[in-house]
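*Asks:* My questions will all concern the structure given below.
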Amino acid sequence: TRGVEIVACPTCGRRGIDVVATVAELEKRLSDIKETLKIAVMGCVVNGPGEALHADIAVCGAANDRCLVYEDGQMMGKIPCSEAVDLIEKRVRTIFYLKIPLYGNRLKKFYVKLYLHMAIAKFVCQLLKRPNFSAEQLVR
């Protein structure tokens, strides 16, 4: 399916965030997103980190009205639970409208590709500076 897929826990007594209200608000706010994206909303830190490994963006309730936020499986920090929906919406829109990659593994891959392209460009420039070298030699 295309669009935002939200995975949520069935809630229990350990929950540190109102999972049902958070999911409902995210579905309403992100209904216009057509790109494929997986968001996990988990109530506690027992199952949250495990589910975060399989989600693009995840939030899970923690102690003292705090939430842990994950992007691409890596914990990004703790925020007040009241800011969770706003933060997730902001990150989703930043990622897909400005084409800024997620943190974690995708960002590493992005920088590796960028580094390789820069290395190739530097190599080609060095070749072109050689006195006995012509651009036609690159094509062969």
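*Asks:* What number, in nm² with one decimal, is the all-direction average of the projected area of the convex hull of the alpha-carbon atoms of the stretch 6-90?
*Replies:* Value for the stretch 6-90: 4.9 nm².
*Asks:* Shifting gears a bit: Which parts of the stretch 8-25 would a label at residue 89 reach, counting a residue when its backbone N lies under 18 Å from a point 7 Å out along Cα-to-Cβ?
*Replies:* Once the point is set 7 Å along Cα→Cβ of residue 89, 18-25 turn out to lie under 18 Å by backbone N, inside the stretch 8-25.
*Asks:* Based on the mean of other Cβ atoms within 10 Å per residue, sort peptides 19-25, 83-89, 6-12, 116-122 so the most packed one is first.
*Replies:* My ranking of the peptides, most packed first, is 83-89, 19-25, 6-12, 116-122.
Read the figures in this text as sums done on the coordinates, not as results from a lab. Here the structure is a predicted model, which is why all the values come from computation and not from measurement. All Cβ positions, glycine included, derive from the backbone under ideal geometry; neighbour counts span all protein chains shown.
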